[in-house]
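Peer 1: The structure's right below; bear with me while I get my questions together.
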Amino acid sequence: MSYNIVSIISIVITALLALLFSHYLSLVFFEDANNFRKIVQLIIAIVVMTTFYASIKYILLKYMGINEKE
């Protein structure tokens with residue numbers, strides 16, 4: 001498995017986590033019909049993706065034994 005495939009897998013995993021976290025956290029704080037909820041959901045998704053992407057990619061690279069130089 002190459003470095004590019006690991007990057008794509010980590011992007012997909014991070015996007016799914018961001019979708020779930022942002023959806024449920026925005027539902028906790030705002031009602032479903034509130035338009036401000038979408039903005040908060042976007043901000044939460046961006047924060048989750050920037051926070052967890054590097055760590056998930058690092059774990060996948062370490063687990064699969066892939067070097068960046070390959």
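The values are calculated or read from the model by the stated rules, or taken from the named source; none is laboratory data. Treat the numbers as computed from the prediction; the structure is a model and nothing was measured. Please note: Cβ atoms are built from the backbone with ideal geometry, for glycine as well, and neighbour counts cover all protein chains shown. The accessibility values were calculated without ligands, DNA or RNA, using every heavy atom of the protein model including side chains. Shrake-Rupley method; radii C 1.70, N 1.55, O 1.52, S 1.80 Å.
Peer 1: So, with a 1.4 angstrom probe, what is the percent of accessible area on region 1-69 that is carbon and sulfur?
Peer 2: Numbers: 3660 of 5120 Å².
Heavy-atom surface of region 1-69 belonging to carbon and sulfur, 1.4 Å probe: 72 percent.
Peer 1: Tell me, what is the per residue accessible area of region 5-64 in Å², probe radius 1.4 Å? List each step's numbers first, then the result.
Peer 2: Working: 4270 Å² over 60 residues.
Computed with neighbouring chains in place, this is 71 Å² per residue.
Peer 1: Say R0 is 30 Å: what FRET efficiency, to the nearest 0.05, do Ile66 and Leu16 get from their beta-carbon distance?
Peer 2: Numbers: r = 21 Å, r/R0 = 0.72.
FRET efficiency, Ile66 to Leu16: 0.90.
Peer 1: Express in nm, to one decimal, how much length is gained between Ser7 and Phe29 on full extension, taking 0.36 nm for each residue of separation and deducting their alpha carbon distance. Spell out each step's value before the answer.
Peer 2: Values: separation 22, 0.36 × 22 = 7.92 nm, distance 3.25 nm.
Once the chain is fully extended between Ser7 and Phe29, it gains 4.7 nm.
Peer 1: Could you tell me the relative contact order of the chain? Use alpha-carbon pairs under 8 Å, at least six residues apart, and round to a whole percent. Let's see the in-between values first.
Peer 2: Details: 49 pairs, mean separation 34.1, N = 70.
Value for the chain: 49 percent.
Peer 1: May I pose another question? Where does the chain land on Rg/Rh, using Cα atoms and the Kirkwood Rh?
Peer 2: Numbers: Rg = 15.2 Å, Rh = 13.2 Å.
Computed over Cα atoms, the ratio is 1.15.
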